[in-house]
Every structure is written in structure tokens, then in C-alpha cells.
Protein chains: 2
Amino acid sequence: MEITSYTDYALRVLIYLARSPNKQTTITEIADYFNISRNHLVKIVHQLGSKGFVKTTRGKGGGLVLQRPPAMINIGNVVRSMECHFNWVECFNPTQQHCRLLPNCGLKHLFAQAGEAYLKVLDSATLADVLLGITTVGLNSKIL
Amino acid sequence: MEITSYTDYALRVLIYLARSPNKQTTITEIADYFNISRNHLVKIVHQLGSKGFVKTTRGKGGGLVLQRPPAMINIGNVVRSMECHFNWVECFNPTQQHCRLLPNCGLKHLFAQAGEAYLKVLDSATLADVLLGITTVGLNSKIL
DNA sequence: TAAAAAATGTATTTATAATACACCTATTAA
DNA sequence: TTAATAGGTGTATTATAAATACATTTTTTA
């Protein structure tokens, strides 16, 4: 059980940007800082842009900045936007063959509840909350 | 975000056994029923045995049975026993390089909370609860 | 117009989970 | 005592998805 590095890196990009306010930050700078693939990061940043978390600017002097203040960026929202699926168990996956236990099986419902509980915790924190070492959920967030 | 089929199949084995009480069930029978790899299932069943969820019997007339009644088998316990890791984000993984954001980053703490919330829901249900189509957590379980 | 930076599409590599295969051990019944 | 049946073990292979690499395009500014 682990989120993809795709989502992981997206969160790190946002934290990096939040720590570097009032300036354009380049993808290359962030990739070098975390020592991760620049090409992979390009796609992550692009998606962060299309989902409205960062504002990207092409061309010389361009780069990326947060589109909203950290306290207005919800972590659950970011994870939901970046993680490509939440098929908690196989029966959530529409491309899989039908499990013979369905529909008389409570697993799907139970794991749906568990997944909701997981995401609800992430929904309770903003980027401002995770900038510090200890997450004091809500202390730095004004929304949700 | 998805549990491995290893854990998924383990749960299905337990459900299958709960639905076939008072008889020895063979691995081959279960593999055929779900149309999954018998070899894979052998290892899953072995681990279910070593963790005390099923009792396996070798030799002619052998097979497997639940070691306890369904209401005494906790789903969270099964998932914790079968899933090989819960590295919710990379920084939980001891084999990974150290992320430069640590230790001044609240992500690890937040995802630890989210993971706990996820498992807590699974802890609230027993095998007896998921035997029916709709999980009515606690209704069929006498413990936790 | 040159340099810098993101955008896009495709191909390749890597990691690991899943599966297959070969053989071993235990049990029972003929 | 032997054949059949069933789980146990270790290793090798395959499949899949994620991660990474590469090539090229588009945008912007000095």
C-alpha cells in the first residue's frame, strides 16, 4: 500500500514552491533538489497546472508558482487529482473480470469505507499544515 | 492505491471457507472457483496457516478449514498479516534515499494518520460481517 | 533571433507482483 | 508397502505498470 511517486513528487513540488514564495521556480531546479527525473517531473508539473494548483509560465524567465496560498491548497484534493485510481480492492477495477463472490460480498463496501476514511484525513489538512515538521491539522488552514 | 492480489485472494479464501463450513476444502478447489493461479494460492494459504487464520492438513483427505469462527476473524488483522508493507509515502520506506524535506515536513505524520484511519475501519469488521452483501459493521462480530 | 523554459508524444527501462515449474514432505487407504 | 492425494518449498520466469529517457515542439522574453 503506497501512493505512486507521481503523487508523492507532486506533493513535494507544492511544498518546495510554498517554501520559495515570490519567485518563479523551474522544473530543473526542483528535479535537481530532489534528485529525481526531470522528465517525469515535467508531466507532474503539467498536471498540477491543469488541475489549478500551480501556474506555469513558458519561455525565458518562466517557471512555476503556487496558484493559491498554501492554506488554500487541500492535500486530499491534490492526492485525488494526481493518483490515477483508488481501486482499493480488485472488485473496484472495471477492467477486471467479475469476482464470483459478487454481489453477495461485503468486501467492496468495507474497503470503500476504509478508503473514504483515509482520504478524509488528507482532506483535513492543507499545504500550510504540512510545511512544518509536525502536522497540526487545521491550525494553519482556514478552509474545510 | 490498491492492495495486492495476494491480500485480496487471502480474503477471498477466508470468505470461501466461511461459506463451506464443516468440510475440508482444497487449494485446487478454491483456485478453480476464482480462476486464479493455484501456485500463487498455495503460498497465500500457507501464510494464512502460519498466521493462524486457517488450519491446513496435508495428505489424502486433507485441505483447509477456518481455525476460528468467522466472527472471530478480524479483517484488519488479516490485511495487516498479509500485505507486505504499508509505506504510505516514500519516506516510510527504509530502503529509499532520504528525502531532502525531512525532518521538517508534515507529510509523513499526515499519511500515518490517514493509514491508521484506513486500517481502523478494517479493524471494525470481521469475516462474519463481509459474508453478506452489505457490510453492517459490528452486527455480526462479537469482538472489537 | 537566440536562449530559456514548459509542453507533448513516444519509446525504453525498471521494479515487483504474479505466475509457473520442479521437487519435497506428509497422510491415508487400498 | 505402495499409490494417490494434498500441502510445502525454492527458484525461475513472465506480465504489468510505473518510472524514466529521448526527441521534438511551442511559447516567451531579452
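Measuring from label point to label point, each 7 Å out along Cα→Cβ, what is the A:His85 to B:Asn35 span in nm?
1.7
Can you work out the Karplus-derived ³J(HN,Hα) for every residue in region B:80-87? Use 6.51 cos²θ - 1.76 cosθ + 1.60 with θ = phi - 60°, whole Hz, and x for glycine or proline.
Result, ordered by residue: 4, 7, 9, 5, 7, 7, 10, 7 Hz.
Please report the buried accessible area for the interface of A with B, total over both chains, probe 1.4 Å, in Å² to the nearest 100.
Heavy-atom accessible area buried at this interface is about 4600 Å².
Over chain B, what percent of the accessible surface lies on carbon and sulfur atoms, probe 1.4 Å?
It is 54 percent, rounded to a whole number.
Quick one: what Rg and Dmax do you get for region B:47-97 from the alpha carbons, in Å?
15.8, 51
Leaving out ligands and nucleic acids, note down the accessible area per residue over the protein assembly as shown with a 1.4 angstrom probe, in whole Å².
Accessible surface, normalised per residue, equals 48 Å².
When the convex hull of the Cα atoms of region B:1-86 is projected onto a plane and the area is averaged over all directions, what value comes out in nm²?
If you wrap the Cα atoms of region B:1-86 in a convex hull and average its projections, you get 5.6 nm².
Please name the residues of region B:1-40 whose accessible area, counted over protein heavy atoms with a 1.4 angstrom probe, falls by no less than 50 Å² between the chain alone and the full protein assembly.
Those are B:Met1, B:Glu2, B:Arg12, B:Arg19, B:Tyr33, which lose 50 Å² or more relative to the chain on its own.
Quick check for you: which residues of region A:15-40 have the amide N under 16 Å from the point 7 Å beyond the Cα of A:Arg58 toward its beta carbon?
Within reach of a label on A:Arg58, which here means backbone N under 16 Å from a point 7 Å along Cα→Cβ, region A:15-40 contributes A:27.
Which distances, shortest first and in nm, link B:Leu132 to the matching position in the other copies, using label points set 7 Å out along Cα to C-beta?
From this label point to the equivalent ones elsewhere in the assembly: 4.6 nm.
Quick check on the protein assembly as shown: what are the equivalent-ellipsoid semi-axes from the Cα gyration tensor, as sqrt(5λ), descending, whole Å?
In descending order, the three semi-axes are 43, 19, 16 Å.
Which of the listed residues, B:Val89, B:Ala112, B:Gly52, is farthest toward the dipole's positive end in region B:1-114, when Lys, Arg count +1 and Asp, Glu count -1 at the beta-carbon?
Of the options given, the answer is B:Gly52.
Eight or more residues apart or on different chains, and alpha-carbon atoms under 22 Å: count the Lys pairs in region B:1-119 matching that.
7
Across every pair of different alpha-carbon atoms, what Kirkwood hydrodynamic radius in Å does chain B reach?
It works out to 16.8 Å.
The values are calculated or read from the model by the stated rules, or taken from the named source; none is laboratory data. Computed from a prediction, not measured in an experiment: that's the story for all the values here. Cβ coordinates were reconstructed from backbone atoms using ideal geometry, including for glycine residues, and neighbour counts include every protein chain displayed. Quick note on the areas: whole protein, heavy atoms, side chains included, nothing else; ligands and nucleic acids left out. Shrake-Rupley method; radii C 1.70, N 1.55, O 1.52, S 1.80 Å.
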